Structure formats: C-alpha cells, structure tokens
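Contents: one structure, followed by commentary.
The values are calculated or read from the model by the stated rules, or taken from the named source; none is laboratory data. From a predicted model like this one, the values you see are computed outputs, not experimental measurements. Because the Cβ atoms are built from the backbone with ideal geometry, glycine has one as well, and the counts that use them run over all protein chains shown. Protein only, heavy atoms only, side chains kept; ligands, DNA and RNA dropped before computing areas. Shrake-Rupley method; radii C 1.70, N 1.55, O 1.52, S 1.80 Å.
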Amino acid sequence: MQIEIFELERVQSLWENRVEYNLTESGVHPYTLNELLGEEGAAALANVRLGYGQTNGSIPLRESIAALYPGAGSDNVLVTNGSAEANFVATWGTLDAGDEIVYMVPNYLQIRGISRAMGVTVRPLALRPELAWQPDLDELNTLVTSRTKVIAVCNPNNPTGMTLEPRAMAAVVAAAEHSGAWLFVDEVYRGAELDARDTASFWGRCDRVVITGGLSKAYALPGLRLGWLVGPEAFIEAAWSRTDYTSIAPGILSDEVAQRALEPALRARILERNRSLLRENLVTLREWIARQPVAMTLIPPQAGGMAFIRYDHDINSTVLATRLREEKSVLIVAGDCFGMDGYLRIGFGAEPAYLQRGLDRIGEFLATLA
Ligand SMILES: Cc1ncc(COP(=O)(O)O)c(C=O)c1O
C-alpha cells in the first residue's frame, strides 16, 4: 500500500531537534517526571515491574479516562500509544476502499492520509476564516450523504485552535445521525482552552460517536505516548483487536504515570499550569505580531498551543519556513503542510523566554523580507 508523506510530521521529525528554536509544537512545554510527581512520586516508579501490563490499558487508567466522559465505563475505553494510534486503529477498522469520509480541513492530516492510502474518497469540509474558522453548515449538509461512512472533525482544531460553536456541533451530530455515518472526533486539544471553560465533548451526543484523546497536548506529556479511544463497547473491542497488530500495548510506565496524572487534584493542577502558560504566551505572541514589518492576521485561538497566522507577503510558506530554519535556526510549520499557503503555524506553548527569543529571530528574518 502506497501512503503519501505526512508532511507536518516529517518536517518536525527531520528538524525539531536540530534547530536552536523549535516553535512547531502544538502543545505545552512538557513536564519532567519530578515536576509532575515530585521526587518521591517519580522515584516510586523505579519499583514498577516492566511487564506488558494490560494491553488495552490498566483497569484503573481506563476507569479514570471513562470518568472524563459521562456515561462511559472502562469497556468504552481503549488506551493507545498516543492519540495517533487511536486515530489509526479507528480509521483502519472502519473504512474500506470505495467508502467516503467527510473530513474537516485544515486539520492534522493523519486520518486523511490513511484514508487516501486505503482508497477512500475524502470530501473536505472547509473551516472558513471569514466565519472565524467555523464550517459553513449548508456545505456540511451538502457534503454528508447516505454514502458517507465517517464524518471526522478535530475539536478544538489543529491548526486554527478553533472550537466548534454549539450550533455547529449540533449540525455535525444531526448530519451523522441522518446519514448513519460514524462520527470521529479528535479531542486531543480538549483541556487546553485559553479561557476557563472546557470545550464540550461530542461524547454521548449520538450512538455512533468515537472520541480520540490523550495526554500529549492539554496535559503537556507527549513523551508518554499515551492516548485513548472512547466509543461504543463493540467498536472498542474491535479496535483493541487491531492494536494486537500495531503496538500490542501501551508502555507500562506510561500507564502508571497516566493513572497519577488523571487523579482529579493533579489533573486540575496540570491543566491550570498549562492554560495559564498559554494565556501569558498568547499575549506575547499578539504583541509580537503587532510589531512585525510584514502584516499578519491571527484569529485568536481558543485552545491549544498553536497560532495559525496569515501573512501578507508573496513568499511561499515552505520557502519562508525553510529560509527561516536555515538562516535563523528557528523551526515553524508552513501553511503548505495543511494545504494552505500564505499561513504559518507558530507554536506558543514553550517556556516564555524561549518563545520570546524564537519570535525575535523570526522578526529579524521578516525584516529582511520587508
Ligand atoms: C489533532 C491531533 N491528533 C493527534 C495527534 C497525535 O498526537 P499524539 O499521538 O502525541 O497524541 C496530534 C499531534 O499533533 C494532533 O494535532
């Protein structure tokens, strides 16, 4: 099976550890184990026996995850290696050649890449900058038909940081119900809202809904590679049988750390630390944008550590990002990686001083263009 290059991941894999300033991350400056658990808590992990563990995730972990989705139980949860594996097994298990998927764009293009490789027809549902990155609901209703097998949305969205308005959520659910399609919702940025309100989950809004989540973004723990699927029991059971072919099990240390991170008191502390860092850094970023010699427009993100910025200059986004990396050792994501030239995705979840220095270097580079 041929599969297209996943540009966003490839660019990051190639360069993120070879530049002085990596501003491609969409999450928040990650924790160390000592910061997360305290030295005693971290040291206690030394006693964990390094077996395979429970391959769909330990029962306590699945119970903690289920508690985040009212009405769900541990059998509604499959723990995976990152939300990337969750998306993979859900897609692989549901779609076949000749099927149709209605797919929100711009987006983290993993599900699109897998679908295309399988011979699935991908019908893009555009988020519209003129609607503050909401979809056009008439377009949604035209795109979704009885042929649609899956509707896939990312909420909050990567790269725009948009969260769907209640009426858009209701329209997506209604479209799924009318068509009989599965509704896949990647909610990995849920919990990383910049204001105090949680993004509403799609869980429980229709029978055929499958949620992707994980600890990489809102929890600032991407190195654990800890994600999950939440869905109807039969769907989760089938997805579990597919992880026998991918990674067998989540890492046992990650399962242990995740159990602790999801304890209510620590979970609340983690989310607050991350949200307050994002709030502070977004101010820095917006002030920086206002000072730039090249005009830029940002519809402020509602969640996540990324800003999808439109720039007003006739340089291609890949050329811009490549020159910035080569000339200033700063890595950002070109809009081209999302099929949207004229945009840049800048991660602002880093430590404040690091972010500021990285932005200063981008500013120096932009001055040479202007
Ligand atoms: C929307 C979305 N889903 C899934 C992933 C994969 O993340 P992970 O496997 O680290 O959970 C990403 C990573 O950027 C993402 O943006």
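Taking amide H atoms as placed 1.01 Å from N in the peptide plane, the amide H of residue 182 lies under 5 Å from those of 150, 151, each 5 or more residues away in sequence or on another chain. Extension gain, residue 147-residue 360: 0.36 nm per intervening residue step, less the Cα-Cα distance, totals 71.7 nm. Sorting 61-72, 314-325, 341-352 by their mean Cβ neighbour count within 10 Å, with the most densely packed peptide first, gives 341-352, 61-72, 314-325. Other residues lying with their Cβ under 14 Å from the Cβ of residue 128 contribute a combined charge of -4, Lys and Arg counting +1, Asp and Glu -1. Between residue 284 and residue 35, the modelled labels are 1.3 nm apart [label points 7 Å from Cα along Cα→Cβ]. Note on residue 367 and residue 116: the extension gain reaches 86.4 nm, defined as 0.36 nm multiplied by sequence separation minus the Cα-Cα distance. For the chain, the solvent-accessible area works out to 43 Å² per residue, with a probe of 1.4 Å and every protein chain left in place.
Cα centroids of the stretch 55-105 and the stretch 300-370: 32 Å apart. Projecting the Cα atoms of 243, 43, 204 onto the charge dipole of the chain (Cβ charges, centred on the Cα centre) puts 43 farthest toward the positive pole.
A simple spin-label model places the labels of residue 241 and residue 44 3.8 nm from each other, with each point 7 Å out along Cα-to-Cβ. When only the Cβ of Lys, Arg, Asp and Glu is charged (+1, +1, -1, -1), the dipole of the stretch 1-107 relative to its Cα centre reaches about 300 debye. Leaving out ligands, DNA and RNA, what percent of the accessible area of the stretch 86-216 is carbon and sulfur, probe 1.4 Å? Carbon and sulfur atoms account for 49 percent of the accessible area of the stretch 86-216.
Each residue of the stretch 160-173 was assigned a 3J(HN,Hα) from its phi angle through the Karplus expression (A = 6.51, B = -1.76, C = 1.60, θ = phi - 60°), giving 7, x, 6, 10, 5, 5, x, 6, 6, 4, 4, 5, 5, 4 Hz with x at Gly and Pro. A Cβ-based charge dipole, computed about the Cα centre of the stretch 47-266 with Lys and Arg at +1 and Asp and Glu at -1, lands at about 340 debye. By the gyration tensor of its Cα atoms, with a ≥ b ≥ c the square roots of the eigenvalues, what is the shape of the chain: rounded for a/c under 1.5, prolate for a/b over b/c, or oblate? Oblate, because a/c is 1.5 or more while a/b does not exceed b/c.
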